[in-house]
Structure formats: C-alpha cells, structure tokens
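J.: Have a look at the structure that comes next, please.
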Amino acid sequence: MNIGVVLSGGMGKGAYQVGALRALNEFVPLSDIKSISCASIGALNGYAYLTENLDAAEDLWMNMCEEGKRLFMTQILRNNMLAPKIDKLYVPGKELPASLYCVLLDWEHKDLVYKDISISDDSNVPLYLKASVSFPVYCPSVHIENINYYDGAVVDNIPIYPLMNSDLDYIICLYFDDIYYKFESNDFDKKIVKLTYPSEIAVKQHIILRKESIKDMIKNGYDRTIELLKIFFEKGYDNLDHIYDVIESRSHNGPSTNLRITGDVIATKVNQKVLRLTKNKVLR
C-alpha cells in the first residue's frame, strides 16, 4: 500500500495529533506510509511518528507545564520554549522511512517552500523543525543555507499540495476546522480520508495549556481518531473500494463543503501576509 498523511498546524492543539497518530498505528503499518506533509506543530509530530518516537512527542507536551500551573501559548512562542524540546526530539543520523514535507515561509523572496527534510542534510533537520514552529509574530526566523524561514502555516495550514502528484492509494488528512473541505478537484478529493477535529472543542485548551488538559487532548485525539478510522477501515485499511465508498458517502452526506485550491490559497495569502508583517516590522 502507498498511503500519505497530512498533519495541519494548530500549535497547542497538536497534542490531539499525538493521540491521533497513536490511533493510526493501530490500523496502518508504518511501512505503508510513503509520504507525510506537515504544517507548524504537525512537523514535530510527523517527525516523531516517522522515527517511531511518539513517546518523546507525548513527553514534549506533558512536560510543557508543571502540575497545577497554566501556560499561555503566547508564552511558549515568545520564549522560544519549543527549541530545546526539538533538540530532544531529534534523533541524529536517523533515516526517515518516508518523505516528510514541512511548509516554510521564505519571507525575503515571498515564497512558500515545501521542504522534504527526509533528503536534507541530517544536521539541518532540527533547524527545519524549529523553522516549522517559528511563528512570525513572536519568533525570529531560522537561518538555513542562506535563507531565513518562518512557519509556513500562516499561509498554508493544511499542506496537501506536496502529495498531489504522488502515486498514493489514499491520503489521511488531519486538520482542525469546522469546514469539510473539498480539496483541489473531485478526482483528487475522492482519495482523501478526512479526519476533522472541530476547532471549538479545543479553543480554550489551545490558548491556555495545563498538564491535565494536555492529557485530555491526547486522549481525545486518540478516541476521536479510533472512532473515525473504524468507519473508513471497517473492511481493512487496504480495502480501497470500501474506503473510496466511505469517502464519497461522507462527502455527499456530511456537512457543507468548501472547495480549497492550494494555488488560490497561496496566491491570496503570501504577499498579503508578508507585506503586512514586514510593514509592521514583525518579520526580521
């Protein structure tokens, strides 16, 4: 099987993804995952998943704040608290078994870059992971090979684009949104297993982190994903006819959809975001 995964950004809500990826492990062998595309915090979770190190990703979240205390997401970003945790998450010399795309914003050239870190120089891997969560409002850019990068999720938060031309049987797309998107085209959309996590369920937990709420998010991500994957994979993760039937059924009977074309998203947002942030002297 050739399966792709897309992990959206969401910062604090990324704790849901740890639980979701643990659930995915119960249905799909890692050897069948051929490509992952990630935005923002999804890059850290995607890296942990491909290195079979979800325990470290869970520790990253569980050790984010002390028992009985709260931590604002803005504090985490402003104080660059993720950087030392990424150093612990990184496994030197570890060869990734699949492509791992991170969406990055090269603000100087007004360009959005989907970087496959599985083929990057190993020493640059932690830098790309740090760049993936360098939110431009709060964090400095990360300098890699003469380019300054920021978190590209400010432009494309559901980076399905790198997988569009891949020969994949289907793509499992995890994102936090109330919109049941139709991605790119009817034909392409028919291969997207959409695992949606409504944004309102995690708004408060996303902004203010507590150890107990982080534990709840990981558990809820696991439970929600198990529930959804049981529907799609009722007859096995390799039964394509059934999976495509479920995708089509949910597309017709689910909530209203919006067409989402990656090129339109980028064209609309890149110049807008870069010019506004540069004008306000946020990008540096």
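Rule-based calculations on the coordinates, nothing more; no lab input. None of these values were measured; they are calculated from a predicted model. We place every Cβ from the backbone using ideal geometry, glycine too, and count neighbours over all the protein chains shown.
J.: How far apart, in nanometres, would the label points at Lys94 and Lys235 be if each is projected 7 angstrom from Cα along the Cα-to-Cβ direction?
T.: Result: 3.7 nm between the two label points.
J.: Quick one: net charge of Tyr90's neighbours, Cβ under 11 Å, K/R +1, D/E -1?
T.: +2
J.: Trypsin sites (Lys or Arg not before Pro), restricted to the stretch 105-147: which are DSSP loop and have at most 15 other Cβ atoms within 10 Å? List each step's numbers first, then the result.
T.: Details: sites: Lys110, Lys115, Lys130; in loops: Lys110.
The qualifying sites are Lys110.
J.: What does the charge add up to near Leu44, with Lys and Arg as +1, Asp and Glu as -1, over the other residues with Cβ less than 10 Å from its Cβ? Before the final figure, lay out each step's value.
T.: On the way: positive: Lys85, Lys130; negative: none.
That sum, taken over residues with Cβ under 10 Å, equals +2.
J.: For Tyr138 and Asp169 in one chain, what is 0.36 nm times their gap in residues minus the Cα-Cα distance, to one decimal in nm?
T.: Full extension of this stretch gives 7.3 nm more.
J.: Sorted from largest down, what three extents in whole angstroms do the Cα atoms of the stretch 100-162 have along their principal axes?
T.: The principal-axis extents, from largest down, are 28, 25, 19 Å.
J.: Which residues does a label at Phe188 reach in the stretch 152-173, if reach means a backbone N under 16 Å from a point 7 Å past the Cα toward the Cβ?
T.: Zone members listed by number: 156-173.
J.: Just report the Cα centroid separation between the stretch 115-187 and the stretch 19-35, whole Å.
T.: 19 Å
J.: So for the pair Asn124, Leu259, with labels modelled 7 Å out along Cα→Cβ, what separation do we get in nm?
T.: According to this spin-label approximation, the distance is 3.6 nm.
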